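Read the figures in this text as sums done on the coordinates, not as results from a lab. Just so we're clear, the structure is a prediction, and the values are computed from it rather than from any experiment. Cβ atoms come from the backbone with ideal geometry, glycine included; neighbour counts cover every protein chain shown.
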Amino acid sequence: MQGRTCFRIFTFVALLVFLSALAASSGSVAAGGDGSEPLNVASVPVLNYHMVGDLNQALCISAANFEEQMKYLADNGYTTITPDQLLDHLKRGVPLPEKPVMITFDDGYVDNYRVAYPILRKYGHKAVFFLIAGYIDNDPRFMNWQQVKEMSNNGMIMQSHTVHHANLTKLSPEDALKELTESREIIEQEVGKPVRYLAYPTGATDKATVLLVRKAGYRGAFSVRFGEAGPDSNFYAIERIPLFRSSRTFRSFFLRLNAAPVLERFGLIR
Ligand SMILES: [Zn+2]
């Protein structure tokens, strides 16, 4: 009985991977920016984490699970890319390395430094950390600037998640713009590198907010909409694949990584 269930799961996964490959091969050409040469744009999984550690909540995956996932990426030939590489590819078709993947963390929890960072280094991965600028140095649950700088100096990428984790769609345009520009300035000043990407707090955005994000000088922004970044992505609402704690975390990770387009198409994962 158990063998049979196992076989069914295997068949299901194999089917998803096959359909996923089919979906990837069919939708890979986007029109060029000026409407001339079509760009050859691939689909890229952008993984989204929050906390890594022992807290028993959905947003926190265990160190062992996180390591298993990072090892899987390393063992299977994935290359972690930067937001600049991703946007250069989506906007201008600049080629990416084989099997590109982007790893992102939202909020800037202190376990990102204590637990995730050593594991990322162990496997040679880089990751993007969207910081709540006003919480850094001001709340023990989050990193301090010294930790942020150390990570930045060792290849990790620090970007913005606003100053106060504000829902930008609920603020006045003036206040929203302030959240966007001040967080950029604070992080740029501390790490000495450009901040040109945003992750929307709670994922909330709308047309008016996107205009403000552009006005504040951002080159791209990430949503919490499930899916892969690809030829159809809006540069200011790029899809991501959230990773949560679950009873079968690795199976969920594998499915999300390998079959995202198909799962998305059939509404199987949100
Ligand atoms: Zn957040």
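Near the amide H of F129, under 5 Å away, which other amide H atoms are found, from residues 5 or more places off or on another chain, if H is placed in the peptide plane?
Counting only residues 5 or more places away or on other chains, the set is F105, I157, M158, Q159.
How would L212, L198 line up from fewest to most surrounding beta-carbon atoms within 10 angstrom?
Neighbour counts put them in this order, fewest first: L212, L198.
So for L211, L120, L257, fewest C-beta neighbours within 10 Å to most, what's the order?
L211, L257, L120
Set the bar at 24 Å for Cα to Cα. Now go through K126/K193; K71/K126; K170/K193; K126/K178 and name every pair that lies beyond it.
K170/K193; K126/K178
Restricting to bridges with both residues inside the stretch 42-249, how much of the DSSP beta-bridge set is antiparallel, in percent to the nearest 5? Display every interim value, and only then the final one.
On the way: 2 of 26 bridges.
In the stretch 42-249, DSSP labels about 10 percent of beta bridges as antiparallel.
Based on other C-beta atoms within 10 Å, arrange D137, D54 from fewest to most. Write down the numbers at each step before the final one.
Values: D137 15, D54 10.
Lowest to highest Cβ neighbour count: D54, D137.
Is the stretch 85-230 best put as rounded, prolate or oblate by its Cα gyration tensor, with a ≥ b ≥ c the root eigenvalues, rounded for a/c under 1.5, and otherwise prolate when a/b is larger than b/c, oblate when not?
Verdict is oblate for the stretch 85-230.
Between the stretch 62-96 and the stretch 221-250, how far is it from one alpha carbon centroid to the other, in angstrom?
Comparing the Cα centres of the stretch 62-96 and the stretch 221-250, I get a distance of 13 Å.
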